[in-house]
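What follows is calculated from the coordinates using simple rules that are stated; it is not laboratory data. Since the model is a prediction, treat every value here as computed from it, not as a measurement. Note that each Cβ is placed from the backbone with ideal geometry, even for glycine, and that neighbours are counted across all protein chains shown.
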Amino acid sequence: MGGLILKRLLATVPIMLIVATVVFLLLRLSPGDPARVIAGEMATEEAVADIRRDLGLDQPVLTQYLRWMGQLARGDLGHSVISRKPVTELIVARLPPTLSLALSAITLTLLMAIPFGVLAAWYHGRWVDRAITATAVLAFSVPSFVIGYLLILAFSVKFTWLPVQGFRAPGDGLLEWARHLVLPTLTLATVYVALITRITRASMLDILGEDFVRTARAKGVTERFVLFRHALRNAAVPIVTVVGVGVTALISGVVVTETIFNIAGVGRLIVDSVLARDYPVVQGTILFFSFAYIFVNLAIDVLYVLLDPRIRY
């Protein structure tokens with residue numbers, strides 16, 4: 001297992017380099033001049049040139065790239081051109097809301113989607129299956145921002161049960177922390193729950209039709225034991241695969257959800273940085289999410305071996 005993890009870690013290095021290069025080139029080739037944005041509309045050309053020189057933007061793109069890659073190798077993501085603060089410091093400061101939202105959404109998804117998918121497969125063709133499938137299709141079809149605004153309208157405006165926006169740290173009280181997370185978590189998890197539910201149902205139906213399941217039933221094994229001990233265990237690999245793929249949707253959903261609920265997380269930091277043409281912060285946040293996605297896939301690869309010993313890399 002240790003050799004597998006080491007090999008997968010080494011395999012992520014060229015992927016990270018490619019991601020870093022693509023991010024750097026996309027931002028440099030996109031229209032707009034951060035030096036002019038910092039200087040303001042009324043600034044003279046001399047002032048803009050001085051700012052561009054201070055930021056190193058007057059140098060050739062290759063020189064900027066090599067310098068930035070050298071900083072990245074040392075763990076230095078640079079400094080914001082707007083606030084002049086280190087990018088790493090900005091990301092760390094915005095990390096608690098994003099982690100709270102992401103972890104709560106993943107937890108809620110797994111607690112809801114897998115039981116719903118198993119239940120739909122167990123009652124295949126009955127009204128329970130049809131109701132769960134129809135609800136999942138509807139939830140997957142509605143954009144997350146629409147779900148967010150509907151939840152705000154229902155639970156914050158009409159009934160005033162939950163706060164409309166903002167985030168409270170656990171240190172401010174667990175109750176307030178949870179109250180501020182309810183609506184963002186439901187908004188972010190809805191599409192994710194629908195996706196995992198449908199995949200769990202499909203995987204369970206495939207496994208329930210296998211010969212070893214029919215053999216277990218013929219031996220007199222109880223239906224619940226067949227369902228959870230045999231079927232769900234063998235259906236776990238495709239489910240785990242979709243959970244890993246769904247992290248992509250989760251990452252993009254964090255950006256939208258934090259904007260809707262005015263949560264000062266990493267997703268909101270990306271939006272503000274793009275609008276301000278803050279190259280170092282945009283690069284740093286995109287790399288942060290990209291690397292997080294890469295390591296989630298690494299964890300999924302390791303889980304494959306744990307769930308199915310027949311799998312070898």
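Rounded to the nearest 10 degrees, the inclination of helix 61-73 to the longest alpha-carbon principal axis of the chain is 60 degrees. For P(r) over Cα pairs in 10 Å bins from 0, in percent, the value computed from the atomic coordinates appears in the list (1) 5, 21, 25, 24, 15, 7, 2, 1, 0; (2) 5, 22, 25, 20, 16, 9, 3, 0; (3) 6, 30, 39, 22, 2, 0 under label (1). The residues neighbouring V266, those whose beta-carbon lies less than 10 Å from its own, together hold a net charge of +1 under the Lys/Arg +1, Asp/Glu -1 convention. Taken one residue at a time, the phi angles of segment 166-177 give Karplus couplings (6.51, -1.76, 1.60, θ = phi - 60°) of x, 9, 10, 6, x, x, 7, x, 5, 5, 5, 4 Hz. Gly and Pro are set to x.
Potential lengthening of the chain between L174 and L138 amounts to 9.7 nm, from the contour at 0.36 nm per residue minus the alpha-carbon distance. For the pair M16 and A218, the difference between a 0.36 nm per residue extended length and the Cα-Cα distance amounts to 67.6 nm. What is the distance in Å between the Cα centres of segment 108-128 and segment 245-288? For segment 108-128 versus segment 245-288, the Cα centre distance is 32 Å.
Kindly provide the GluC sites (Glu not before Pro) of segment 151-230 that DSSP labels as loop, not H, G, I, E or B, and whose Cβ sees at most 14 other Cβ atoms within 10 Å. Hits after loop and neighbour filter: E210.
Computing FRET efficiency as 1/(1 + (r/R0)^6) for R36 and K158, where r is the C-beta to C-beta distance and R0 is 51 Å, gives about 0.65. Here's the thing: no aspartates and glutamates lie within a cross-link span of K158, going by alpha-carbon distance under 19 Å and ignoring same-chain residues fewer than 8 apart.
For the chain, the longest piece that avoids every one of the trypsin sites (Lys or Arg not before Pro) found in DSSP loops with at most 11 other C-beta atoms within 10 Å covers 127-218.
For segment 145-181, the list of chymotrypsin sites (Phe, Trp or Tyr not before Pro) that fall in a loop by DSSP and count at most 14 other C-beta atoms within 10 angstrom reads F159, W161. Measure nothing but the geometry: give the 0 to 90° angle between the long axis through the Cα atoms of 266-276 and the longest principal axis through the Cα atoms of the chain, rounded to 10°. Value to nearest ten degrees: 30. Extending 7 Å from Cα along the Cβ direction at V302 and again at N262 yields two label points whose distance is 4.0 nm. Just to confirm the number: angle between the C-alpha axis of helix 279-307 and the first principal axis of the chain, 0 to 90 degrees, nearest 10? Taking the Cα atoms of the chain, the angle to 279-307 is about 20 degrees. Between L110 and A47, the modelled labels are 5.4 nm apart [label points 7 Å from Cα along Cα→Cβ].
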